[in-house]
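No value in this document is a laboratory result; all are computed from the given coordinates. Given the structure is predicted, the values throughout are model-derived calculations rather than measurements. Neighbour counts run over all protein chains shown; Cβ positions are idealised from the backbone, glycine included.
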Amino acid sequence: MKIILLNMRIGFMYLIVSVCICFQIQTYGQLRLDDIKMEQIQQRKIRKYIACLIAENKHQFSDIHPSWNSVKDLSPYRKNEINFFLNDNLEDIWQGYLSANPSKSWNGKNISFGLLLQKVPDNIYYNHDPVIKVDTGQIYFLNLKLLFGIYNLPVAFEIIKIDTTEKVLEFSYIEGNKSSGVQKIKFLDIGSERTKVIHVSYYKSDSHFRDKWIYPFLHKIIVNDFHRNMRILLNLKKIKPVYL
């Protein structure tokens, strides 16, 4: 009986040690923010932004969190909406937006793509790296060029929802951004091979002046650049924005 109990204890201890070793191997195998090759990021402000995240002890990708989730009330947030009308059918437009390479869709006159982090499975994509599709858990780092490039502002957001039934895409600014909130892009079939794209941003910061005067201007620049790029990638003849 003593021999059986001894063998059981040894077996139990072996199991615990094995689990710990496997966990350590898995942890060590995960990519971290420290693994980012800064020299492959063109934008200085994005490199500085990521360095600040690391200095805040955010090393794992999972340490980065969106600033908004579905349980939060949107009433305290300001709202900014822009509608677009595309001459193509809903399904092709939807699939086109989901399959677009971010280094092309988020590169334009006023914005540039710097880096993409994928939480699950963990991966790092630099500018011009092929990305198969837009997916939840992706964190985008962009650079907004203002005053003809004299001033640059880094922006980061995470894809938090892709609803294939309702045709809705949601992404939230990450914690630590100048603004917090969520942007929602909804696609609607309006008949005659035409699609309406509703791009709504809910946002707030610690500055009333910024929220009332600066953010709407910046939002318009980023959104217009993005959807203009998508028009080109989808090979559409024109895109008509309507500001609300």
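Mind scanning LYS161/LYS184; LYS119/LYS220; LYS58/LYS133; LYS72/LYS119; LYS45/LYS119; LYS161/LYS220 and naming the pairs with a C-alpha gap bigger than 20 Å? Can you show the working numbers first?
Working: LYS161/LYS184 9 Å; LYS119/LYS220 29 Å; LYS58/LYS133 26 Å; LYS72/LYS119 23 Å; LYS45/LYS119 22 Å; LYS161/LYS220 22 Å.
Violating the 20 Å limit, Cα to Cα: LYS119/LYS220; LYS58/LYS133; LYS72/LYS119; LYS45/LYS119; LYS161/LYS220.
When only DSSP loop residues count, what trypsin sites (Lys or Arg not before Pro) in region 68-123 have their Cβ near at most 13 other Cβ atoms within 10 Å? It would help to have the intermediate numbers written out before the result.
Numbers: sites: LYS72, ARG78, LYS79, LYS104, LYS109, LYS119; in loops: LYS72, LYS109, LYS119.
Taking region 68-123 and a limit of 13 other Cβ atoms within 10 Å, the loop trypsin sites (Lys or Arg not before Pro) found are LYS109.
Put simply, the amide H of LEU115, placed in the peptide plane, has neighbours under 5 Å in PHE141, leaving out anything fewer than 5 places away on its chain.
May I ask for the distance between the Cα centers of region 124-138 and region 144-181, given as a whole number of Å? So the two Cα centres are separated by 15 Å. Each residue of region 124-129 was assigned a 3J(HN,Hα) from its phi angle through the Karplus expression (A = 6.51, B = -1.76, C = 1.60, θ = phi - 60°), giving 10, 10, 9, 4, 6, 5 Hz with x at Gly and Pro. Magnitude of the charge dipole for region 35-243, about its Cα centre and with charges confined to Cβ atoms of Lys, Arg (+1) and Asp, Glu (-1), is about 900 debye.
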